[in-house]
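Notes to accompany the following structure.
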Amino acid sequence: VDENAIKDHWALLQKAKKALEKNRFNDVRILENAEEAKKEVLSLIPAGATVGAGGSQTLKETGITDALGKDRTIVRHSPAMGLPERREVWKKAAACDFYLASPQAVTLDGKMFFMDKYGNRLAAVIFGPSRVVLVAGYNKIVRDEREAESRTRNVAAVKNAVRLGTKVPCVKTGECEDCSSSERICNVYLGLLKKPPATEYTVILINEELGY
Ligand code: SF4
C-alpha cells in the first residue's frame, strides 16, 4: 500500500467534507476503511429501525446492508420481483426510518450526483425517509459537476451495465453512447447541490476504493 496515495486520498476526502458542510450537509464523516464504515452505520441505525436500500455495489462490498439485516428490517426489491411488486416495495422503502444509497460522484465543491434506471432510489434520496445515509469510497470524488457527469456515465453506468449483463452499447465500447436501448440503465440524473431542507443526511466518506 502506497502511504502517500493514502494521504492524498485523505486530503481529497477532507476537502470534499468541508465543501459538503458548506452546502449544509451537516453530518459528514470520514472513515479509514470499509470495516470502520460498517461499524459507524451500525451505531447510527438502531436495532428495530426500518431501512430502505437501493441496489448499490458499495453497500454490498462494505457488507453494510447484510450486517444491518440481522436486527433491522431492510426494505428492498429482489431481482425476481416484477414491476408491480417492485413499485410497492419502493414506496415502502422511501417511507422507512433510514434510506441507504451511494452516489456515483461527489464533487470537491460539495455536490453529490446519482444516476438511476427507474428513479425510485433518487426519489428516496430527495425526500421520504427520516434520514438518508450516503456512503462513498474516495474513488467517487471528482473535481466538479462536469467531471461528475462524465464519471457517472462513462465509469459507473458502464461498469454497472457490465455487471448486470445488460444489452446496451457501452458494454461493448467501454464508454457511454447515450443509447436509445429499451434496456438503458441511465434514465434519471440527480444532483444534490445543497441540502434539501426537509431531509436529514449522514454522508460517510471512506478512504478506500469501493463500488462504481
Ligand atoms: S446511456 Fe446507454 S450507453 Fe450510456 S452508459 Fe447508459 S446504458 Fe450505457
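The numbers here are math on the coordinates, done by the rules we state, and not lab data. Here the structure is a predicted model, which is why all the values come from computation and not from measurement. Heads up, the Cβs are rebuilt from the backbone with ideal geometry, glycines too, and the neighbour counts pull from every protein chain shown.
Here are a few things to note about the model shown:
- Total charge dipole magnitude, region 1-86, about the Cα centre, Cβ charges on Lys, Arg, Asp, Glu only, Debye to nearest 20: 400 debye
- Ranking L205, I185, W10 by Cα position along the charge dipole of the chain, where only Lys, Arg, Asp and Glu carry charges on their C-beta atoms, puts I185 farthest toward the positive end.
- Exceeding the 27 Å Cα-Cα cut-off - candidates K70/K167; K111/K167; K60/K117; K22/K92: K70/K167; K111/K167; K22/K92
- Database remark: amide H of V188 closer than 5 angstrom to the amide H of D116 (H placed geometrically; neighbours at sequence offset of 5 or more, or on other chains; Pro and chain starts carry no H).
- For region 6-58, trypsin sites (Lys or Arg not before Pro) are listed when DSSP marks them as loop and at most 11 other Cβ atoms sit within 10 Å of their Cβ; the list is empty.
- Dipole magnitude for the chain: computed about the Cα centre from +1 point charges on Lys and Arg Cβ and -1 point charges on Asp and Glu Cβ, it is near 580 debye.
- Antiparallel content of DSSP bridges confined to region 91-212, in %, to 5: 35 percent
- Across region 1-98, Cα-Cα pairs farther apart than 16 Å form 67% of the total.
- Alpha-carbon Debye profile of region 77-200, log10 I(q)/I(0) at 0.18 Å⁻¹: -1.04
- Distance distribution note for the chain: the fraction of Cα pairs above 28 angstrom is 24%.
- Region 100-157: chymotrypsin sites (Phe, Trp or Tyr not before Pro) in DSSP loop, at most 12 other beta carbons within 10 Å: F127
- Computed over region 73-114, the quotient of the alpha carbon radius of gyration and 2.2 N^0.38 Å is 1.50.
- Antiparallel bridge percentage (DSSP; both residues within the chain; nearest 5): 25 percent
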